[in-house]
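Let me begin by handing over the structure; questions about it come next.
The values are calculated or read from the model by the stated rules, or taken from the named source; none is laboratory data. Please read these numbers as outputs of a predicted model, since none were measured by experiment. We place every Cβ from the backbone using ideal geometry, glycine too, and count neighbours over all the protein chains shown. Each accessible area value is taken on the protein alone, full model and side chains, heavy atoms only, with ligands, DNA and RNA left out. Shrake-Rupley method; radii C 1.70, N 1.55, O 1.52, S 1.80 Å.
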Amino acid sequence: MNQPLPDNSRRLGKWMMYATWVISIAMASYFFSNWQQYKHNPNQYLSSDLQHPVVLKQNAQGHYLASGMINDIAVVFLLDTGATDVSIGHKLASKIGLTATGEDRVSTANGVITVYPTLLDSISLGGLRAKNIEAHINPYAEDNTVLLGMSFLKHLTLVQQNNTLTLSAP
């Protein structure tokens, strides 16, 4: 014979059902967020082994993004072989504690702009590190992505093959 469940058992059953849904949605959100971050920057965790080259994977848009350091502060780099210098947005430059040493005009894809030169104590990308790197503070760059230009990249050997870019010390 089926006997009806007491009220407490019904409430507990409903609570368990709701808890299961909330946990499932939270796990799906966490997975999707991590998946989105990986698609944007598949190079978040680079080896800091000095003996091996840094191998970067292209992101979903075909760019090379990688996590690294400027003056021992964590940043995200967008490799840009068309940029003469490293280019840092003004908000991030303030956070890092950079100071301008003058004023320059540079040509960009959006026209000629005024930027402010600065000197970086160090840049690290995986196990690759360089000191005293020329850069500029870009007052028009709103995001925290740093354009990693040739003032750093010229110290490395770059080999692009398939969807990877291998950087190594010469």
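Which percent of the accessible area of region 48-133 is formed by carbon and sulfur heavy atoms (probe 1.4 angstrom)?
48
Would you calculate the separation in nanometres between label points at SER9 and HIS63, each defined as 7 Å from the Cα along the Cα-to-beta-carbon direction?
Reported label-point gap for SER9 and HIS63 is 5.9 nm.
Let me ask something else about it. Might you tell me the accessible area per residue for region 77-170, computed with a 1.4 Å probe and given in Å²?
Heavy-atom SASA per residue in region 77-170 reads 55 Å².
Looking at region 50-170 only, what percent of DSSP beta bridges run antiparallel? Nearest 5 please.
Among the beta bridges of region 50-170, antiparallel pairing accounts for roughly 80 percent.
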